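Take a look at the structure set out below.
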Amino acid sequence: MSVSPPSPVHAAPLGEETALPYGRPVRRRIAVPVALALGVGAAIALVCLHDRVVYYRVTSGSMRPTLQVGSRVAVEPGVQPKVGEIVVFHPPAGAIPEVPVCGAADEGAGFTRPCGVATTGSSRAIFIKRVVAGPGDVVSIRGGHAVVNGVTSSEPFAVPCTGSDCDFETPVRVPAGHYYLLGDNRGASDDSRFWGPVPASSIVGVAVTCLPLQTACRPRQ
């Protein structure tokens, strides 16, 4: 940004009152637009960091009470998910039939082991769930809560769950490069328990909460 050069300083004749120096006000006049330009530039840079944020509308109640049907969710692509974060993803092909299909015959609905092997291929559908276990973790389900590496996860966001779909007490190991995903509404969620873990390549992005103008975003809890 260019600025006009300061006016030359003229000495006052002898015997006259010395005028206030011009230098200090000129520096203030220059400092204001420079500071403004730097501030605008910083804001633009921050917006650019999050310019890929996209919005999705929730169409099911599987993430209640965290996400209500009809709510809009900001999602930042290209972010590696962590346990506890909410992600948008393409589920395995086995998640699409009315009765989900697990890639292992003795896992999932009706068995003591949650589904640990997904069917081959992913669908074009878009799901939203929460990461409860990551690559290499050993996971089982007790009372609707994820038990990861032998420790019951603290999940205050999870709706209390009863019934056969809430207990899969024989653990499975999450394959390398995969994530185990459950809905917060555990008693009414079609998730990894029934159709298995999701590869990182199928995850679209992490759900985030952004400040105005998307100047800063953080993972949504």
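No lab work stands behind these numbers, since they all come straight from the coordinates. A quick note: this is a predicted structure, and the numbers were derived from the prediction, not measured. Every residue, glycine among them, receives a Cβ derived from its backbone with ideal geometry; neighbour counts consider all protein chains shown.
Note: region 69-221, Cα convex hull, 113 Å³ per residue. For the pair residue 124 and residue 216 in one chain, pulling the backbone fully straight at 0.36 nm per residue adds 30.1 nm over the alpha carbon distance.
Here the simple spin-label model places points 7 Å from the Cα toward Cβ, and for residue 96 and residue 173 these points are separated by 3.1 nm. Put +1 on the Cβ of every Lys and Arg and -1 on every Asp and Glu Cβ in region 97-199; which of 171, 99, 199 then has its Cα farthest towards the positive end of the dipole? Value computed over the given set: 199.
Restricting to Cα atoms and excluding each atom paired with itself, what does the Kirkwood estimate give for region 126-205 in Å? Write down the numbers at each step before the final one.
Values: mean 1/r = 0.0799 Å⁻¹.
In region 126-205 this quantity evaluates to 12.5 Å.
Projecting label points 7 angstrom from Cα along Cα→Cβ for residue 57 and residue 138 puts them 4.5 nm apart. Candidates 143, 73, 109 compared by Cα position along the dipole of region 73-143: farthest toward the positive end lies 73, with charges placed on Cβ.
Of the trypsin sites (Lys or Arg not before Pro) in region 50-125, which ones lie in a loop per DSSP and count no more than 15 other C-beta atoms within 10 Å? Intermediate results must be reported in sequence, preceding the final value.
Working: sites: 52, 57, 72, 82, 124; in loops: 52, 82, 124.
Qualifying residues, ordered by number: 52, 82, 124.
Taking the empirical scaling 2.2 N^0.38 Å for compact globular proteins as reference, region 141-186 has a Cα radius of gyration ratio of 1.14.
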